[in-house]
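First up is the structure itself, then whatever we jot down about it.
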Amino acid sequence: MSYILHRSLGVELPVAVKGDGCTIVDADGKRYLDACGGAAVSCLGHSRPDIYKAIADQMNALAYVHSGAFSNAAAEELAEFLITRSPQGFGTGRALYLGSGSEAMEAALKLARQYHLENGQPERHRIIARNMAYHGNTLAALAVGGHAQRRKPYQPLLMEVGRIPACYAYRLQEPGESDEAFGRRMADALEAEIQRLGPETVAAFVFEPVSGATLGTVPPAPGYVRRLREICDRHGVLMIADEVMCGMGRTGTLFALEPEGVHADIVTIAKGLAAGFAPLAAVLASEKVVTALAEGSGTLWNGHTYMSHSAACAGALAVLKAIEAEDLLANVRRQGAHLRQRLIEAFGPNPHIGDIRGRGLFQTIELVADRETKVPFPAGKGLAAKIKTRAQNAGLLVYPAAGCVDGVNGDHVLLAPPYIVTAAQIDEIVAILRQVVEACLAEALKD
Ligand code: PLP
């Protein structure tokens, strides 16, 4: 009997007791190969004495001070690390620390609103977001999220948000349409939505540069983000990049936006930032945004108790320094390409795998009932959930989700192994996943 209000009330979960590289061990001694880092969190795996030491050293010196009264060295050094590595054009921005990705999204939306008030544009309050986005579970973050099923119970509590489609090539690119033309068409939906809402009322556009949990690692089409940037600039709309899941190296660069050659005005990061060794998220505000505050009220109108937590910041700093010192982003790119190759070999011939997509160590397979028509399996079959359970029983942790087609139907399996993963472990992940998926498909096709 558990006194925890678990996500599933009727299920008894194994108790995890130990981490060992890319493996988690439960109380019965069963080992699980971690191919998803929980939810793309544990990017350094599960046993890093150097990170524990950095956190313990900070704890021994000082654990917590209120951010309204003091700064602390770990938070300062981490901010400098992040801002000085931000994409070109971001300028001398500043970092604001929070405890979760959802909190960071709330703070980012409020910061966008404050920016416009400081600039004397109080009518700018509307947010535009993409269908099928995931931005977190607190009310404003859920409101900008676009997953129908997750929003449904709370709908009456959610603010209204402008919507455009996600840049989901597998389902939205037209036959014969080039990648560039597709990217432009998807980005131009933002122009149309801004016009529909009234450009002078729009505060910000928010998106995941590489889609995460709800759509399953969809990278942007060529030129898409650049075009979005142009549209935002033309209308004085702030661009908020939610890099909570895809950032901090997951796609092979520290910031997911780097390969697009574009900067956002506000960036949110979490998950890989402290790699699960501490709960930490951050909002990075570009120079443009910081200047508006500095030349306006001179204050940030938003605060939380655990902002700039020194032990969490010390852990994150040690994580990011380790990623850099060990050149782990090169491994993300190398093993990401290897993972993709193995997925194509294992699942390419399978008539029920419609799409294999992703970037770096952030890859997804999407399952379909019919490859020709791309029709998904009925949601009632619970395919994604069955794959998750069967994989865990087989000692493999993956991150399947349902609803990628319309918020209800559609099944995909997301993989996000730690950046330290080896080629042999990738081979093992794909081999087990193949058996699990084939067994689950056989069952789904039978009943
Ligand atoms: N934004 C994105 C892109 C995410 O993937 C998530 C979580 O999965 C969040 C925000 C919310 O983060 P958290 O669960 O830490 O609140």
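Where a number appears in this text, it was derived from the coordinates with a stated rule and is not lab data. Bear in mind the structure is a predicted one, so any value in this text is a computation, not a measurement. Cβ sites come from the backbone with ideal geometry, for glycine too, and all protein chains shown count toward neighbours.
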Query raised in the report: Scanning the chain for helices, which whole DSSP H stretches are 30 Å or more long along the axis (Cα) and average -0.5 or more by Kyte-Doolittle?
Result: 423-446
Query raised in the report: Bin by bin, in steps of 10 Å, what percent of the Cα pairs in the range 94-200 do you find, going until the bin that has the longest distance?
Result: 13, 35, 36, 14, 2
Query - Long pairs among 388/446; 30/321; 53/110; 152/321, criterion Cα-Cα beyond 30 Å - result: 30/321; 53/110; 152/321
Requested in this report: Counting other beta carbons within 10 Å of each Cβ, put 434, 130, 196 in order, fewest first.
Outcome: 196, 434, 130
Report summary line: Put in order of increasing Cβ neighbours within 10 Å, starting from the fewest, 47, 67, 42 give 47, 67, 42
Report summary line: In units of 2.2 N^0.38 Å, the Cα radius of gyration of the range 18-93 is 1.52
Requested in this report: For residue 288, go through the aspartates and glutamates and keep the ones whose alpha-carbon is under 14 Å away, minus same-chain ones fewer than eight residues off.
Outcome: 118, 233, 265
Report summary line: Taking alpha-carbon centroids only, the range 352-370 lies from the range 92-110 a number of Å equal to 31 Å
Query raised in the report: Between the range 303-341 and the range 18-61, how many Å separate their Cα centres?
Result: 13 Å
Report summary line: Listing 1, 248, 186, 132 by rising number of other beta-carbon atoms within 10 angstrom, fewest first, gives 1, 186, 132, 248
Query - Cα Rg over Rh - the range 302-421, Kirkwood - result: 1.10
Query raised in the report: In whole Å, what is the distance between the alpha-carbon centres of the range 155-195 and the range 237-285?
Result: 21 Å
Report task. Could you work out the relative contact order of the range 343-447, using alpha carbon pairs under 8 angstrom and six or more residues apart, expressed as a whole percent? Result -> 26 percent
Query - Translational diffusion coefficient (Stokes-Einstein; Kirkwood radius from C-alpha pairs) of the chain at 25 °C, 0.890 mPa s, in µm²/s - result: 109 µm²/s
Report summary line: Among 35, 16, 204, the residue with the largest mean-square fluctuation in a Gaussian network model of the chain built from Cα contacts under 10 Å is 16
Query raised in the report: To one decimal place, what Kirkwood hydrodynamic radius in Å is obtained for the range 134-176 from all pairs of distinct Cα atoms?
Result: 11.7 Å
Report summary line: Length-normalised contact order of the chain, Cα under 8 Å, at least 6 apart, in percent, tallies to 22 percent
Query raised in the report: Over the range 254-339, one equal point on each Cα, no solvent: what is log10 I(q)/I(0) by the Debye formula at q = 0.11, 0.21, 0.23 Å⁻¹?
Result: -0.43, -1.17, -1.24
Report task. Write down the radius of gyration of the range 90-135 and its Dmax, each obtained from C-alpha positions, in Å. Result -> 12.5, 33
